[in-house]
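In what follows, a single structure is set out as structure tokens and then discussed.
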Amino acid sequence: MHTDDASRSGPVLVVGGTGMLAGTVGGLVRAGLTVVVVARKPAGPGAFGDLGTGGGRLLTVAADYTRPLPFAAALRRVAARTGPFRQAVLWVHAHGRPHAYAAVADTLAEGASVLEVLGSGAAAPTAPAPSRPGALVRARYHAVVLGFTGREPHTRWLDHGEISAGVLAALRAPAGDGPYVVGRVRPWEDRP
Ligand SMILES: NC(=O)c1ccc[n+]([C@@H]2O[C@H](COP(=O)([O-])OP(=O)(O)OC[C@H]3O[C@@H](n4cnc5c(N)ncnc54)[C@H](OP(=O)(O)O)[C@@H]3O)[C@@H](O)[C@H]2O)c1
């Protein structure tokens, strides 16, 4: 995804941003962006590491993406404060996706970019190639797949720092044909 001038100016929405993506959130705030983080339990600023002094702003929203109406209302409320989102990073478990993505789509700016974060299963040889969810038809869409690292027989899953740094790199990378892979997913038999 190109982090172009429009998307650089934010605001950025990160759904599921208090766990493995906390470092991604910290990096976006350090870059001076207004970042809205959504999770069920609010996290204090300390959860996101160094937030820097670059004028970035962090807003946390407690909302459950498995509860469609309150989730959509919470996103609309925060977008009314920040303005529509220029970028969204979505780490949403499969069962919450259809409703969550529809709610996100309602709060995106024209021409916004969406980065969907997917587990390694999305790169299984039998899995269909990641494709843009129907609700996000008007957004610029890219997927990032989380893989593993290390050399056989000592491969391991990525740690949170590696995942967060990889997702930041995906946000800055030029748009490619397929999903951006953090770590590696081939050979598939090497996975831990
Ligand atoms: N290939 C890989 O390397 C790979 C791929 C996937 C996962 N993993 C690993 O697996 C671990 C566990 O995954 P995880 O999904 O628990 O990741 P996580 O990022 O640590 O936590 C999930 C995030 O989503 C939020 N969330 C969960 N359910 C929600 C809901 N219903 N509504 C709103 N927000 C919700 C969580 O906050 P709340 O709980 O407060 O809602 C949190 O912010 C990760 O920590 C990662 O290390 C590795």
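Taken together, the values in this text are just the output of simple stated rules run on the coordinates, not laboratory data. Nothing here was measured: the structure is a model prediction, and the numbers come from that model. Note that we place each Cβ from the backbone using ideal geometry, even for glycine, and neighbour counts take in every protein chain shown.
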Diffusion coefficient in µm²/s returned for the range 69-128 by Stokes-Einstein, Kirkwood Rh over C-alpha pairs, 37 °C and 0.692 mPa s, is 259
Per the charge dipole of the range 5-190 (beta-carbon charges, Lys/Arg positive, Asp/Glu negative, Cα centre), the residue among Phe148, Gly96, Leu108 reaching farthest to the positive end is Leu108
For His93, His142, ascending order of other Cβ atoms within 10 Å (fewest first) is His93, His142
About its Cα centre, the range 5-190 carries a charge dipole, from +1 on Lys and Arg Cβ atoms and -1 on Asp and Glu Cβ atoms, whose size in debye to the nearest 20 is 500
Once the mean of 1/r over all distinct C-alpha pairs in the chain is inverted, the Kirkwood radius in Å reads 16.7
Asserting the computed 222 nm helical MRE of the chain (DSSP H runs at least 4 long, -39500 (n - 2.57) per run, divided by residue count, to nearest 500) equals -7500 deg cm²/dmol
Residue separation between Thr53 and His154 times 0.36 nm, minus their alpha-carbon distance, gives in nm 32.4 nm
